[in-house]
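What follows draws every value from the coordinates through simple rules; no lab data is involved. What you see is a predicted model; the values in this text were computed from it and never measured. Neighbour counts are summed over all protein chains in view; Cβ atoms, including those assigned to glycine, are modelled from backbone coordinates with ideal geometry.
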Amino acid sequence: MTDNSSEIGFGLVGVGMIANYHALAIKALAGQHNIRLVGVLGRLIDKTRDFARKHDVPFYTDDAAAFFARPDIQVVCIVTPSGLHLEPALRAIAAGKHLIVEKPLEISVERVDALLDAARAAGVKVAAIFQARFSVGARALKEALAAGRFGRLCLCSAYVKWRRTAEYYSGWKGTLAIDGGGAVINQSIHAVDLLQWLVGMPAEVFAWKTRRVHLSIEAEDTACATFRFADGALGSLEATTAAYPGWERRIEICGEFGSVAIEDDRIVRWDFRDTRPEDEKWLALGAGDGAASGAGSPDQISIAGHQRQIEDMVLALRGDKPLLIDGDQARNAVALVRAIYESAERGVPVRPAAGR
């Protein structure tokens, strides 16, 4: 547990687009929680220096040993490309740092397990960025499910019909070795995580994937999957980065006594056979809280979700309490994505890897 009066220092590994969200979120929380962005590690020193100057970061370097040796960094945010999370994470863990890792934790279950095993052995905390779970709509839906308001579930589905331009797919994006895939593991991972968090992991998956528009990339730009859940409910995922102009991410949960739909963080349908006083509150909050977006471009999201997750890490360290989204929970999304890919590649139903 960290003393409430002591400052918690943060460090970033990576200086790409998403690193800006971490830097801004840490700065927004600094006064309230006595935290500070101490340093940043990047591969290209000029780009790293520019990032540090932009965000008033006092220390920047391309020397990993110097970065991880700093005693004033207690939490490291891993914001490198997806398939490059494990190596810096292991170095941070070896140095006794706690971790906040961008989604997904890694691109395979095996690499995720290597990260989590090392963190467990070292006694450090691992949080994964799944900010969609913190939204008003998702929290309300989770509460309604926990209260049993839906009765027997029948259909539980997620839709991510987004647009990315050809220019977006440069460098590592859309590659199998570093991105781990395309529209499913990168853009749809939040919907995949939300669905399994809300109603549990599917017992079985059957899927298809293809390239319809972004023909130059290795991975899929479009995929569909069907799910069979342990309780007998069915569901589906529709995912694409090829749909103009890009619609909001949508989650639909339907049952015998009620059905709810959320788009990004907004409640757009809240229909129950038996009404309750709190229903008016949720309907009134249907406009949402601005925690998520990104349908047409990855730079459209707000920092609100990242603030909530970084704050959760700070509160967990100060109070020695569990994280709201720890590494073991985040593993489920990767296991489900890999099951979708395996089914699409083999043409057979697949059972996702068992949880830990």
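For the stretch 141-182, what does the alpha-carbon gyration tensor say about shape, rounded, prolate or oblate, given a ≥ b ≥ c as the root eigenvalues, a/c under 1.5 as rounded, and a/b over b/c as prolate? Since a/c reaches 1.5 and a/b is larger than b/c, the shape of the stretch 141-182 is classed as prolate. The residues Lys321, Lys97, when put in order of fewest to most other Cβ atoms within 10 Å, stand as Lys321, Lys97. When the GluC sites (Glu not before Pro) in the stretch 175-266 are filtered for DSSP coil states and for at most 16 other beta-carbon atoms within 10 Å of their beta-carbon, the remaining sites are Glu218, Glu256.
Counting every other Cβ atom within 10 Å of each residue's Cβ, Thr240, Thr222 order from fewest to most as Thr222, Thr240. For the stretch 219-271, the Kirkwood hydrodynamic radius comes to 12.9 Å, computed from all pairs of different C-alpha atoms. Here's the list of lysines a cross-link from Lys54 could span, going by alpha-carbon distance under 27 Å and ignoring same-chain residues fewer than 8 apart: Lys27, Lys97, Lys103, Lys173.
Convex hull of alpha carbon positions in the stretch 53-97: directionally averaged projected area 3.5 nm². The order of Thr48, Thr80, going from fewest to most other C-beta atoms within 10 Å of their C-beta, is Thr48, Thr80. Work out, in µm²/s and without decimals, the Stokes-Einstein translational diffusion coefficient of the chain at 37 °C, 0.692 mPa s, Rh from Kirkwood over C-alpha pairs. Reported coefficient: 158 µm²/s. Under a 5 Å amide H cut-off, with hydrogens placed 1.01 Å from N, His85 pairs with nothing among residues at least 5 apart or on other chains. I need the fraction of alpha carbon pairs in the stretch 143-246 separated by more than 16 Å, rounded to a whole percent. For the stretch 143-246, the fraction of Cα-Cα distances above 16 Å is 59 percent. If a/c stays under 1.5 just call it rounded; otherwise compare a/b with b/c (prolate if a/b is bigger, oblate if not). Do that for the stretch 102-184, with a ≥ b ≥ c from the square roots of the Cα gyration tensor eigenvalues. Verdict is oblate for the stretch 102-184.
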